[in-house]
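Remarks on the structure that follows.
The values are calculated or read from the model by the stated rules, or taken from the named source; none is laboratory data. This one's a predicted model, so the numbers in the text were calculated from it and none came from an experiment. Note that each Cβ is placed from the backbone with ideal geometry, even for glycine, and that neighbours are counted across all protein chains shown.
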Amino acid sequence: MTNSKNLRGDPRRLFFLIYDSRSGSTLLSSQLDAHKDIVVTTESNFMRLLLEQQKQLKGATTSEKILTILRCGERIAQLDLPDRLIAARLPSSGPYSISSVAQALSEAYADHIKPEAKNVIIKDGANGYWINQITQHLPEAGFIHILRDGRAVFNSKRFTERPYAPGKIMARDTLTAARHWRSFVNHVHGFTKLHPEKILTVCFEDLLKYPDRTVATVYRSLGLPADNNASSTEYSKRIPAKESAIHQKITKEVDATRIDAWRQEVPTSELYVFDYLCRRTLERHGYEPISRGASAVTLLNTKHLAVILQSLWRRLASWMRLAFSPTLTWQIVKWKFLRLKG
């Protein structure tokens with residue numbers, strides 16, 4: 001794993017926690033962060049910023065110029081890191097690289113929050129899309145993928161407002177939600193087949209049903225002993241204010257009865273559409289489709305077809321909005337390009 005130094009001079013390792021949103025990443029983060037030798041960052045997209053600004057990083061000649069680049073990211077600011085801590089971890093002069101800046105940020109966060117921790121886990125689900133690029137720049141980094149049944153993910157998104165886009169629900173469109181979950185999980189699965197030694201998959205359902213056993217498995221995979229004095233209350237205090245509303249449950253007792261709530265709460269017609277698009281991915285990861293044996297003809301059912309047409313209409317409306325927002329369109333093009341490279 002990527003080595004830098006903690007305040008005791010011991011090697012410090014970097015890991016990336018990747019996930020589709022609403023997959024239980026914050027619950028897992030709070031439990032892992034409770035270990036004395038682990039510090040988990042709050043959600044931050046600084047790796048995407050570094051990948052986007054790679055040329056600017058190489059051209060920077062001083063740590064102050066690097067700090068200027070980092071200030072462009074709102075979610076980096078929410079790490080609440082004093083500039084002096086970041087500057088202390090950055091090389092005093094260039095050339096700078098993605099790996100050197102990523103390590104500096106991770107080290108500064110650990111120094112600020114838990115100086116004795118030997119392992120830094122960087123939390124951002126989207127890093128799963130550029131997992132290959134991250135491996136290229138940080139070849140010793142490891143990954144933890146928390147996986148949840150896509151239908152449960154969709155059900156949660158249907159009732160969750162985006163924390164950084166007030167008034168907008170995470171997912172209303174069945175087709176888009178299904179394609180997004182399938183694309184993400186398949187991308188990570190492709191990496192796992194090539195580099196099984198670099199990644200650990202944790203099933204959210206196991207985390208709910210067998211929390212102690214599941215967390216202990218992660219500890220063992222990281223080469224750490226169990227921490228009998230672990231306390232998961234501190235992590236919740238570091239969650240940014242904008243995200244607190246969607247993470248209220250992490251301070252409460254785990255409720256395993258919600259595992260299959262999607263079966264009653266998602267309309268059957270939408271489940272059939274989701275299953276049809278994601279059947280192979282669901283089965284590959286041990287999730288049984290409810291519509292086993294369904295075909296494209298099944299989707300011609302009036303209710304199922306209505307779901308598809310509604311999703312297509314919403315997608316068309318989104319494209320029309322993009323046509324009047326060139327700045328947003330360009331940002332999306334850049335993100336897509338990064339995903340293709342990843």
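Does residue 326 satisfy the criteria of being out of contact with any strand residue (DSSP E or B) (no Cβ under 8 Å at 6 or more places or on another chain), surrounded by fewer than 17 Cβ atoms within 10 Å (Cβ to Cβ) and at pLDDT 60 or above?
On the way: out of contact with any strand residue (DSSP E or B) (no Cβ under 8 Å at 6 or more places or on another chain): yes; surrounded by fewer than 17 Cβ atoms within 10 Å (Cβ to Cβ): yes; at pLDDT 60 or above: yes.
The answer is yes for residue 326.
Which residue pairs have Cβ atoms closer than 6 Å, lie 6 or more positions apart in sequence or on different chains, and pair a first residue in the stretch 249-271 that is in contact (Cβ under 8 Å) with a residue 24 or more places away in the chain with a second residue that is part of a helix (DSSP H, G or I) and charged (D, E, K, R)?
So the pair list comes out as 256/209; 259/205; 262/151; 269/303.
For the stretch 216-233, check the following and say yes or no: at least one residue is modelled with pLDDT of 95 or more, under 19 Å from the mean Cα position of the chain (by Cα) and part of a helix (DSSP H, G or I).
yes
Do any helices (runs of 4 or more DSSP H) lying entirely in the stretch 1-108 carry at least 3 residues that are modelled with pLDDT of 90 or more, and which ones are they?
Details: elements: 25-33, 46-52, 54-59, 63-70, 74-77, 83-89.
Ranges flagged: 25-33, 46-52, 54-59, 63-70, 83-89.
Does residue 186 satisfy the criteria of being modelled with pLDDT of 95 or more, surrounded by fewer than 16 Cβ atoms within 10 Å (Cβ to Cβ), closer than 21 Å to residue 287 by Cα and out of contact with any Pro (no Cβ under 8 Å at 6 or more places or on another chain)?
Details: modelled with pLDDT of 95 or more: yes; surrounded by fewer than 16 Cβ atoms within 10 Å (Cβ to Cβ): yes; closer than 21 Å to residue 287 by Cα: yes; out of contact with any Pro (no Cβ under 8 Å at 6 or more places or on another chain): yes.
It is true that residue 186 is modelled with pLDDT of 95 or more, surrounded by fewer than 16 Cβ atoms within 10 Å (Cβ to Cβ), closer than 21 Å to residue 287 by Cα and out of contact with any Pro (no Cβ under 8 Å at 6 or more places or on another chain).
Sort through 138, 147, 105 and tell me the only one that's closer than 17 Å to residue 17 by Cβ and in contact with a Cys (Cβ under 6 Å, 6 or more places away or on another chain).
Values: 138 fails: in contact with a Cys (Cβ under 6 Å, 6 or more places away or on another chain); 105 fails: in contact with a Cys (Cβ under 6 Å, 6 or more places away or on another chain).
Just one listed residue meets the conditions, 147.
Please count how many residues of the stretch 59-103 are of a type in the set (A, V, I, L, M), without any contact (Cβ under 8 Å) to a residue 60 or more places away in the chain and more than 23 Å from residue 237 (Cα to Cα).
Here is the first cut: in the stretch 59-103, the ones of a type in the set (A, V, I, L, M) are 60, 66-67, 69-70, 76-77, 79, 81, 85-88, 90, 98, 101-102.
From what's left, without any contact (Cβ under 8 Å) to a residue 60 or more places away in the chain: 60, 66-67, 69-70, 76-77, 79, 81, 85-88, 90, 98, 101.
Keeping just the survivors that are more than 23 Å from residue 237 (Cα to Cα) gives 60, 66-67, 69-70, 87-88, 90, 98, 101.
Result for the stretch 59-103: 10.
Give me the residue from the stretch 234-259 that is surrounded by 13 or more Cβ atoms within 10 Å (Cβ to Cβ) and over 30 Å from residue 81 (Cβ atoms) and, out of that set, modelled with the highest pLDDT.
For the stretch 234-259, the residue satisfying everything is 259.
Given 145, 112, which one is part of a helix (DSSP H, G or I), touching a helix residue (DSSP H, G or I) at 6+ places or on another chain (Cβ under 7 Å) and not small (Gly, Ala, Ser)? It would help to see each step written out before you state the result.
Working: 145 fails: part of a helix (DSSP H, G or I).
Answer to the selection: 112.
Please work out which residue is surrounded by the most Cβ atoms within 10 Å (Cβ to Cβ), limiting yourself to the stretch 114-143 and to residues that are under 23 Å from residue 237 (Cα atoms) and in contact with a Ser or Thr (Cβ under 8 Å, 6 or more places away or on another chain).
The extreme case among them is 120.
Filter the stretch 164-179 for residues that are in a loop (DSSP other than H, G, I, E, B), free of Cβ contacts under 8 Å to residues at least 24 places away in the same chain and either exposed (fewer than 15 other Cβ atoms within 10 Å of the Cβ) or among the polar types (S, T, N, Q) (or both) and give the result. Before you say what the answer is, go through the steps one by one.
The initial filter retains those residues of the stretch 164-179 that are in a loop (DSSP other than H, G, I, E, B), namely 164-168, 170-173.
This time we only want the ones that are free of Cβ contacts under 8 Å to residues at least 24 places away in the same chain, so: 165-168, 171.
Once the filter is applied, which keeps residues that are in a loop (DSSP other than H, G, I, E, B), free of Cβ contacts under 8 Å to residues at least 24 places away in the same chain and either exposed (fewer than 15 other Cβ atoms within 10 Å of the Cβ) or among the polar types (S, T, N, Q) (or both), the stretch 164-179 yields 165, 166, 167, 168.
Can residue 283 be described as of a type in the set (Asp, Glu), in a helix (DSSP H, G or I), under 20 Å from the mean Cα position of the chain (by Cα) and modelled with pLDDT of 85 or more?
no
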